[in-house]
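Written below as structure tokens is the structure these notes are about.
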Amino acid sequence: MRARLGQWLRRVGDRLDPERDPILALERQPALLAGAANPKLPSMVGLDEAPGASEDRLPSAPWQGVRERALSKSLLTLRSEAVYSLGALHAAHLAAAAVFDDRRLAVALAQRRGDPMDDEVLTKLAEAASIWHRDSASLGVALTAIGTAQVPDLTLAEALQVDDEEEASLEAMVEGYQIELQRQILEEAES
């Protein structure tokens, strides 16, 4: 029964997305790679190419802090990075929820067949699936909100047309935010 269900799910998935190799799909449909799939996202073609690409268009290097990213990247690039990163986290949560759903289904089927299964196992699997689904839904809402945010293809200082005094204030505010964010990250790591 489980094998047939798995085969049926795979057939449904193949009908919904017949292209299994995402790299091959991008090669066959270069418009996807160029960002044409979503006009709100900038083209991802050539973002990693240097030195031709301008500094504000390059994806953020992992060692850059919040201050460097917030002040030197275009707001459109920052939004695109957030969408891609959050999308990856959302996909991971969806996959994990599916795994726990599958495990829960397998235990429930085993119980129906009369196999000795502890009810506590089914309860723990249901709780785990619920947590992953809840978090996935929250990430989906955040992903939608970020994806619909209207941002210019300018750095923050350019978008606000700040003078020297305001630019110093922006830097100080972003620096304070970076410090607070790092403090929260350290607190979470310790707990």
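The values are calculated or read from the model by the stated rules, or taken from the named source; none is laboratory data. None of these values were measured; they are calculated from a predicted model. Using ideal geometry, Cβ is built from the backbone for each residue, glycine included, and neighbour counts are taken over all protein chains shown. Calculation scope for accessible area: heavy atoms of the full protein, side chains included, ligands and nucleic acids excluded. Shrake-Rupley method; radii C 1.70, N 1.55, O 1.52, S 1.80 Å.
A few notes on this one:
- Complete set of residues in segment 133-182 that are crowded, with 16+ Cβ neighbours inside 10 Å, part of a helix (DSSP H, G or I) and of a type in the set (Ser, Thr, Tyr): Ser136
- Candidates Leu181, Leu143, Leu154, Leu139, filtered to the one that is under 13 Å from Val66 (Cα atoms), among the hydrophobic types (A, V, I, L, M, F, W, C) and touching a residue at least 40 places away in the same chain (Cβ under 8 Å): Leu181
- Residue match in segment 113-132 (condition: in contact (Cβ under 8 Å) with a residue 40 or more places away in the chain, open to solvent by 70 Å² or more (accessible area, probe 1.4 Å) and in a helix (DSSP H, G or I)): no
- So Ala96, is it without any contact (Cβ under 8 Å) to a residue 60 or more places away in the chain, open to solvent by less than 50 Å² (accessible area, probe 1.4 Å) and more than 30 Å from Ser169 (Cα to Cα): yes
- Residue match in segment 68-82 (condition: open to solvent by 50 Å² or more (accessible area, probe 1.4 Å) and modelled with pLDDT under 90): yes
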